[in-house]
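Undergrad: This is the structure I want to talk about, given as structure tokens.
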């Protein structure tokens, strides 16, 4: 029996970025199975499944001729996974669901097409499913398997080179019972992995020149042998070859512990504060001693370890004044350097979801289940909370996507092709002259995730534009995209185009858009005008205008600062590649303070992305006839 394990990524509107879509869960499932059974199990690689559209994903899965396809479900991929699963079922393939979204109270999953659904950890179930003759009674406890399994990285099941990073679990479960969180619901007690298994993974990272390891624990301080663990870790990482990251409760950090973290190689911690409002902390069952919290944070900062502090908007028991107090607490204690601020997600399986009526929580029924209003927050209050935080902290929590308008390559192909898994996929559909609808139908089956549609100035037939958008999107209903108009002869009518867009709504990306554009509704399609001649004032919701730079010289920093009325600039001149790259080297250090910069040549653009975005990952360009 051939089994395929699939995990879809977080949707993005930028291609060529890391997705963070590490299929750790699928890899753990495969690790639990005896080696003589593993040949029949195939994990769709992160480097492929994270970057191809819906239609291409379905075709890839079917080409492997699976008997069963198992989906790992998160809030960001559950809708897309259900769509793909339903399509596969029609082709006679069995499907199974697991992951955080698979909970007994998630009716979206319970009423789905799945042949079976696994709640909680899945290693023991999967081993019994794949190799029932090798299953032992003591392996019914997933903790037994977790403790005795090596990291999937050590077994070569994952691709750490994509992000130069590894995810390593040192324990499962959580001793805390926060109402918004699912960590403590999947098991009744914390299961700690033996340190030799953890160190085996760390040594693998060192041997393979991986520079970062993230300990994927809900709270690293709950590890009972933490000090001994850190002392041994510091000996293994004595040359600080690896930077470690994890999550921790700041109240338990002492000066001694901070020093041990430093000596081990820790560079940062994600630290949950969520709120300073005592009422909200009480309802979420997360008592916090703010004096101890600050002492722990300052202990980390004193030794040079960066804390990233989390806040949540829309918590039951909180109110707009409480949000302001939480933000002011951050500012008053000079902790603005690294803050994350999220809307509350009322996720399945949590206490908040179970008791949402009594708590007065009104939330979106669709992933990511963002809070809309509460007994003490109107919808406008929550949106205003983010505006207040952004103003006080100088951060944009919902930034627009980066600009990549590259469209030229040395390929013979009209479109821009990307290689993934040895196959060619199309990331940019170039329509500078009318193309046959049959041609577009074929293209729709080979699109990346996300993709762009470029319309040239000669394309002025709105009926044709709408039909092209419909054909490309109907086979990719969960793949986001951008539409780019070069020097259009008319102002694009987005509303007309959107009536032909077959993107399923609401889309996961709509969750953020309601905070960016509360008045615009669901519009997870990005529209861009690029022009060297006219200024269109194209700057409404999900609209942006880019200046095309045609001059035979490059703009200096002062020129770039003077272009603030534009969303970005596209360098599309005839200078030699080496001149462009030299300019990039000189300008990269200023990129965070400038408007978005893009280059017409895709290879030059790829160089710019690598220079300016730490989380870049550009699959190789595919230079062949489309």
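Undergrad: For the chain, what is the calculated [θ] at 222 nm in deg cm²/dmol (nearest 500), taking -39500 (n - 2.57) for each run of four or more DSSP H residues and dividing by its residue count?
TA: -9500 deg cm²/dmol
Undergrad: Right, next: At q = 0.10, 0.12, 0.14, 0.17 Å⁻¹, what is the base-10 log of I(q)/I(0) for the stretch 164-397 according to the Debye formula with one equal point scatterer per Cα and no solvent? Please give it to two decimals.
TA: Per q value, in the given order, log10 I(q)/I(0) is -0.50, -0.71, -0.94, -1.25.
Undergrad: What list do you get for 318, 510, 36 if you sort them by fewest beta carbons within 10 Å?
TA: The fewest-first ordering by Cβ neighbours comes to 36, 510, 318.
Undergrad: Related question: I want the antiparallel fraction of DSSP beta bridges within the stretch 241-366, as a percent rounded to 5.
TA: Among the beta bridges of the stretch 241-366, antiparallel pairing accounts for roughly 0 percent.
Undergrad: Compute the normalised compactness of the chain: alpha-carbon radius of gyration over 2.2 N^0.38 Å, N being the residue count.
TA: 0.99
Undergrad: Using all alpha carbons of the stretch 1-158, what is the percent of pairwise distances in each 10 Å bin, ordered from the shortest bin to the longest?
TA: Each 10 Å bin holds this share of Cα pairs: 10, 41, 37, 11, 1.
Undergrad: What translational D, rounded to a whole number of µm²/s, comes out for the stretch 416-612 from Stokes-Einstein when the hydrodynamic radius is the Kirkwood one over Cα pairs, at 10 °C and 1.306 mPa s?
TA: 88
Undergrad: Among 339, 78, which comes first, second and so on when ranked by fewest other beta-carbon atoms within 10 Å?
TA: 339, 78
Undergrad: Given the peptides 112-118, 274-280, 392-398, arrange them by the average over their residues of other C-beta atoms within 10 Å, most packed first.
TA: Ranking the peptides 112-118, 274-280, 392-398 by packing returns 274-280, 112-118, 392-398.
Undergrad: State the Cα centre-to-centre distance between the stretch 412-491 and the stretch 96-166 in whole Å.
TA: About 38 Å separates the Cα centre of the stretch 412-491 from the one of the stretch 96-166.
Undergrad: If packing is taken as the mean number of other Cβ atoms within 10 Å per residue, what is the order of 302-315, 42-55, highest first?
TA: My ranking of the peptides, most packed first, is 42-55, 302-315.
Undergrad: Enumerate the whole-percent occupancy of each 5 Å bin, from 0 to the last occupied one, for all C-alpha pair distances of the stretch 156-234.
TA: The calculated distribution, bin by bin, is 3, 14, 23, 21, 16, 15, 7, 1, 0.
Undergrad: Any idea how far the Cα center of the stretch 56-87 sits from the one of the stretch 263-324, in Å?
TA: 38
Undergrad: Now for a separate question. Quick one: helix 577-587 against the long Cα principal axis of the chain, what's the angle to the nearest 10°, folded into 0 to 90?
TA: So the inclination is approximately 50 degrees.
Undergrad: Let me ask you something else. Can you tell me the mean projection area, over all orientations, of the convex hull of the stretch 323-478's alpha carbons? Units nm², please.
TA: 14.7
Undergrad: Next up: According to the Cα gyration tensor, what semi-axes, each the square root of 5 times an eigenvalue, does the equivalent ellipsoid of the stretch 357-421 have, listed from largest to smallest in whole Å?
TA: With the √(5λ) rule applied to the stretch 357-421, the semi-axes are 42, 19, 8 Å.
Undergrad: Sort the following peptides by mean Cβ neighbour count (other Cβ atoms within 10 Å, averaged over residues), highest first: 163-175, 587-599.
TA: Output ranking for 163-175, 587-599: 163-175, 587-599.
Values quoted throughout were computed directly from the atomic coordinates according to the rules given, and no laboratory measurement underlies them. The structure presented is a predicted model; accordingly, all values stated were derived computationally and were not measured. Neighbour counts run over all protein chains shown; Cβ positions are idealised from the backbone, glycine included.
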